[in-house]
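K.L.:
Just dropping this structure here.
The values are calculated or read from the model by the stated rules, or taken from the named source; none is laboratory data. Keep in mind that this is a model prediction, so the values were computed, not measured. Please note: Cβ atoms are built from the backbone with ideal geometry, for glycine as well, and neighbour counts cover all protein chains shown. Side chains are part of the model used for accessible areas, which takes the heavy atoms of the whole protein and leaves out ligands, DNA and RNA. Shrake-Rupley method; radii C 1.70, N 1.55, O 1.52, S 1.80 Å.
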Amino acid sequence: MQAKIVADLSLVELVTGIPEIPRVFWRMIPTDFDWWVEGFGEDLIETVLMGFGATLLGLLFAIPTGFLAARNVAPARWIYGTARLFILGVRAMPELILAVIFVAALGLGPKPGVLALAVGLYGFATKLFADAIEEVSEGPRDGIRATGASRTQEAVSAVLPQAMPSIVGNSLYLLDASIRGSTVLGIVGGGGIGFALLQGAKLLKWDLLGGLLIIIFVIVYGIELISGWVRRRII
Amino acid sequence: MTILHARSAPEAPPTPPEPTFRPDTPPWTRERATMWAIGLTFVGVALYALYDIGVNPLTLFFERDDIGNLLERMWPPRIEEFGPIWESTLDTFFMAFVGTFIGVLLAVPLGFFAASNIVRWRLLRGVARGIIVFTRAIPELIFALIFVRVYSIGVLTGVLALGLHSVGMLGKLFADSIEQIQEGPREGVQATGSSRGQELTTGIAPQLIPSFIAITLYRLDINFRSATLLGLVGAGGIGLQIRAYQGQLRYQELLGVTLLIIALVVIVELVSTTVRGIILGHDKTNVSFWQKLRGGPKAADYRAEHVDTAAVAAATPMSQRRLRPPWDKERKTKYGVGVG
């Protein structure tokens, strides 16, 4: 019943609102550089750095737990089950809500932003890595095991090299996602360019918003092109 | 005898071939050097970033006092005001559904325009690809930030933001799956002298429907996840509650709502993964959930499933054959989900 009322209200608004959209975007095209403020350069660099830092932090923890969450490598059945459940829980935690919580605990700035982003990436990365590890072939593992290797030696010298191309490919994909995610963290006080975007929208500075969005687009697309090229070479 | 004897005359044992030097790593080609350079640059930049921002892998441990304090204030999680929270949960679902719907409406034509085997005109393809890349690059939260100023706080903003951002991913995946269709059915339809529209609806569309539905479901899952957040910038849904509790420092309620969101996201993901599995045929449709948990279908089920459909069809006289596939469980599921 409630849902129906919501739907009725919105459909009318939606239809009447659609012609507004092109006008908004038209106003967002910047014609000059008057909107540029000194601090934006630093904010943009901080955004990119946050993306890089969070990726490394997430990967650092994701690679060991990826082994625990892979069915064919995990030391015991219950460890595999626990690890998978744990990842599912971590992945369900939205990054921005984590950022809200970390900002409440540690104060404003890029530090809580990076931590929140890293936790989000960690969940995602562990799942991708575990899936990649589950696809390795058994031959090299048998070979290494026949030499009397320990479990760790087997994992390092037989499993890791096979999974490496897909781990690197996925990491590049995570870097893209991370930089895209770090652009909005500032909205909840997590550092980066997001705060400037929020202020721009609050003060209705459309050209500022448009200009920053174009710069963000160029950065994100540039990194996507580079990582796409590297990924094609590896896989 | 003599010959045999002569043959077994003592002979020098075969000397082992000279050991050749084989490096156990691949040679340093230019490509490999580039890869390493890119990898090291990534690690270098990331290390500098962590140093610059002041975060290290043990930060969470060092800051345990602050985080512990906060958790103390958050515990135990509480949900009061069931009415508003129930309403905003419904809003969140609604935003995700309608946003995905709008995204699909826009993305289907864009996907066709962007597919190289449908549109020969390069300029049109380039424009379509451009729109797809652009909408994908801008996060839905920023779309929401913009639309909030135009449509004020509410669900509509969220619907539009989700819809526009979804176009990017949906359009790309649609275009990819259109480019992968088999040419056979299409040529068959062409050979009957059909128009281009008929070719599209009978030769191309039927091949695409399962993958389109699966992609849409996947996006619905993602959109639900984002819809929980859009309220943070005022776009309606459960995120509005989060913002209110954050502003009023009501941390127990904040944790309560966060846990609720996590539970909802997990449920939506499980449902969408299962349905997607059914549609794409990875799962056997007539295997119950419990059978899957127990590990595979029973042998009798397996035999029942592998009735030779081709033989049955061939035995049916031509006049009694059906043009449409039977309404089996799989097809019912597909259409049920589509209508839903």
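K.L.:
Just the projected area, averaged over all directions, of the convex hull on the alpha carbon atoms of the range B:86-279: how many nm²? Walk me through the numbers before you get to the answer.
P.N.:
Numbers: hull surface 48.9 nm².
Seen from a random direction, the Cα hull of the range B:86-279 projects 12.2 nm² on average.
K.L.:
Let me ask something else about it. Can you classify the range B:18-118 as rounded, prolate or oblate using the Cα gyration tensor, where a ≥ b ≥ c are the square roots of its eigenvalues, rounded means a/c under 1.5, and otherwise it's prolate if a/b beats b/c and oblate if not? Provide the component values of the computation, followed by the final result.
P.N.:
Values: a/c = 3.56, a/b = 1.32, b/c = 2.70.
Verdict is oblate for the range B:18-118.
K.L.:
Next question. At a Förster distance of 60 Å, what's the computed FRET efficiency of B:ASN69 paired with B:SER194, Cβ-Cβ distance as r, to 0.05? Kindly include the intermediate steps, with their values, before the conclusion.
P.N.:
On the way: r = 71 Å, r/R0 = 1.18.
The formula returns an efficiency of 0.25 here.
K.L.:
Let me ask another. Between B:ILE153 and A:VAL156, with labels modelled 7 Å along Cα→Cβ, what's the label distance in nm to one decimal, could you check?
P.N.:
The modelled label-to-label distance comes out at 5.6 nm.
K.L.:
At 1.4 Å probe size, with every protein chain present, just tell me what the per residue accessible area of the range B:86-279 comes to in Å².
P.N.:
Details: 7480 Å² over 194 residues.
It amounts to 39 Å² per residue over the range B:86-279.
K.L.:
Under a crude label model (7 Å from the Cα following the beta-carbon direction), how far is B:ARG30 from A:PHE25 in nanometres?
P.N.:
4.1
K.L.:
Could you order A:ASP131, A:ASP176 by accessible surface area, starting with the largest, using a probe radius of 1.4 Å? Provide the component values of the computation, followed by the final result.
P.N.:
Numbers: A:ASP131 50, A:ASP176 10 Å².
So, going from the largest accessible area down, we get A:ASP131, A:ASP176.
K.L.:
If you don't mind, there's one more thing I want to ask. With a Förster radius of 56 Å, plug the Cβ-Cβ distance of A:LEU204 and B:GLN182 into 1/(1 + (r/R0)^6) and report the FRET value to the nearest 0.05.
P.N.:
Values: r = 52 Å, r/R0 = 0.92.
The calculated FRET efficiency here is 0.60.
K.L.:
Using a 1.4 Å probe and counting only protein heavy atoms, how much accessible surface gets buried when B and A come together, both sides summed, in Å² to the nearest 100? Write down the numbers at each step before the final one.
P.N.:
Working: alone 23120 and 13790 Å², together 31220 Å².
When B and A are taken together, about 5700 Å² of accessible area is lost.
K.L.:
I'd like the distance between the alpha-carbon centres of the range B:48-66 and the range B:150-194, rounded to an integer number of Å.
P.N.:
43
K.L.:
How far is the Cα center of the range A:90-106 from the Cα center of the range A:15-45, in Å?
P.N.:
So the separation of the two Cα centres works out to 28 Å.
K.L.:
Can you pull a Stokes-Einstein diffusion coefficient for the range A:39-234 at 20 °C (1.002 mPa s), Rh from Kirkwood over Cα pairs, as a whole number of µm²/s? Walk me through the numbers before you get to the answer.
P.N.:
Values: Rh = 18.1 Å.
The Stokes-Einstein estimate is 118 µm²/s.
K.L.:
Ok, one more. Can you give the relative contact order of the range B:86-279 as a percent, counting alpha carbon pairs under 8 Å and 6+ residues apart?
P.N.:
Details: 264 pairs, mean separation 54.4, N = 194.
Computed over the range B:86-279, the figure is 28 percent.
K.L.:
Now for a separate question. How long is the gain from B:THR41 to B:LEU90 if the chain were fully straight, where each residue apart is worth 0.36 nm and the alpha carbon distance is subtracted?
P.N.:
13.0 nm
K.L.:
Also, quick follow-up: Tell me the carbon and sulfur percent of the accessible area for chain A, rounded to whole percent, probe radius 1.4 Å. All intermediate terms of the calculation are to be shown ahead of the outcome.
P.N.:
On the way: 7550 of 10980 Å².
Carbon and sulfur: 69 percent of the exposed surface of chain A.
K.L.:
If I build a Gaussian network model for chain A, linking alpha-carbon pairs within less than 10 angstrom, which residue out of A:GLY148, A:GLY189, A:GLY81 has the largest mean-square fluctuation?
P.N.:
A:GLY148
K.L.:
Further question on the same structure: Compute the angle between helix A:110-134 and the longest alpha-carbon principal axis of chain A, please, reported from 0 to 90 degrees and rounded to the nearest 10.
P.N.:
40
K.L.:
Would you mind telling me the share, in percent, of accessible area of the range B:86-279 contributed by carbon and sulfur at probe 1.4 angstrom?
P.N.:
Numbers: 5070 of 7480 Å².
Using a 1.4 Å probe with all protein chains present, the range B:86-279 comes out at 68 percent carbon and sulfur.
K.L.:
Same structure again: For A:ILE18 and A:TRP229, compute 0.36 nm times the residue count separating them, minus their Cα-Cα distance, and round to one decimal in nm.
P.N.:
Working: separation 211, 0.36 × 211 = 75.96 nm, distance 3.78 nm.
Working it through step by step, the gained length comes to 72.2 nm.
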